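Enquirer: Dropping the structure in here first, questions after.
The values are calculated or read from the model by the stated rules, or taken from the named source; none is laboratory data. Computed from a predicted model, the values in this text were never measured in an experiment. Cβ placement follows ideal geometry from the backbone for every residue including glycine, while neighbour counts extend to all protein chains displayed. When the accessible area is computed, the model is the full protein with side chains, heavy atoms only, and any ligands, DNA or RNA have been set aside. Shrake-Rupley method; radii C 1.70, N 1.55, O 1.52, S 1.80 Å.
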Amino acid sequence: MRVFACDEERKRLWQGTKAILAIYLSIVMWVGGWQLIAVVPRRPGRRPGNFRQHHLLPRPVAFMISGTVIMLLCDTFYANAGLGGSYLPVWVRRNRVLHWVRTVVGMWGSFMFWIGCYNVLSLHVAENTLLRNILLVVIGLVVLVATNTFFAMAYVYPEWSEGDPEDVSPQSPLAAHMWHFLRSLASLFAQNCVWLGAYELLSSDMPYYSGTVRETLFNLLYLASGLLLIVVTRSTKSLSWLPDLEFEDDDQPRCLTLWLRAFLAIVGQVTHNTGLWNLIGSAEGPSTNLRYALFLVLGGLALFFLNGLPANAGVAEDESEEEAAAASIEGSKRDVTLAGPIPGKTSFSDDMSLKTRLLPS
């Protein structure tokens, strides 16, 4: 007796497994990169430390500025915020060598920005209290809605949310890019607010969390419950950042149920990632730079072979010249279909399927 009735079911199982594997590899890579950059290297006569021990405002701010500049140079700033748009010429985006340079350097810039922003909020925005952390989550979610990046952070993409009318291109005026930059910056700050507030709520503010055994049990519970929410909200494939996975059309209308689904997807992410992050960080073994370098390199290499590294860095797969030409031909067909009959042509039977898809019923 066959376990799976058809090839389609086996394909879905493989894609789901591949997506979950990519999610875990991404977190391993982030743990390695975060620890390598955030932890102050040991120097002769000095104890090792990190931002939390030194409480220096200029250092996190310098990381934020450096990360912003790097992501802007690599054209990954908008994508990291969950927004579309680009300002690089097409030939730069299609160059394969520059594609991977932008991926590696842009990934490092993303690490630097998130570490700097997270520590600015953690160390210099009020004391770590239950009220502060709740306010961080609430304010972050409100700003995400205001910047139209709420569904992007949830990795829930209904059809009606695709295509931001304020997306920019290399031909857009400078004012449009400045507005897009400010929206992206606000969104990134909001995402950090949500992650920081949720992390502290799930750890330092959680009753009975203290203690090695209890911390492990709590984190395992976070891991399992968070993964369940990710799967139930159907955000697994989009959260994996793998461009070759087939996504089912999501035509859920704009309604309260959709907003609840997106909110639960965000809850699932922060809960799952908090549990996994803590379990990896507290695993037995020396907490040395070599260990975290291995996390970074092995996680990055595995994502490279899964073709998920560029999207993690915010580098979009730009269409090739052949694909662009095919899209142009398809667009011409669409224009002809929507415009009506062409003189001398009495039948549109060849374009009927296209016409059926494009015209309202």
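Enquirer: Using a 1.4 angstrom probe on the protein heavy atoms only, could you order VAL213, VAL101 from most to least accessible area?
Expert: VAL213, VAL101
Enquirer: Add +1 for every Lys or Arg and -1 for every Asp or Glu among the other residues with Cβ under 15 Å from the Cβ of TRP108, and state the total. Please list the in-between numbers first.
Expert: On the way: positive: ARG102; negative: ASP75.
Overall, the nearby charge balance is 0.
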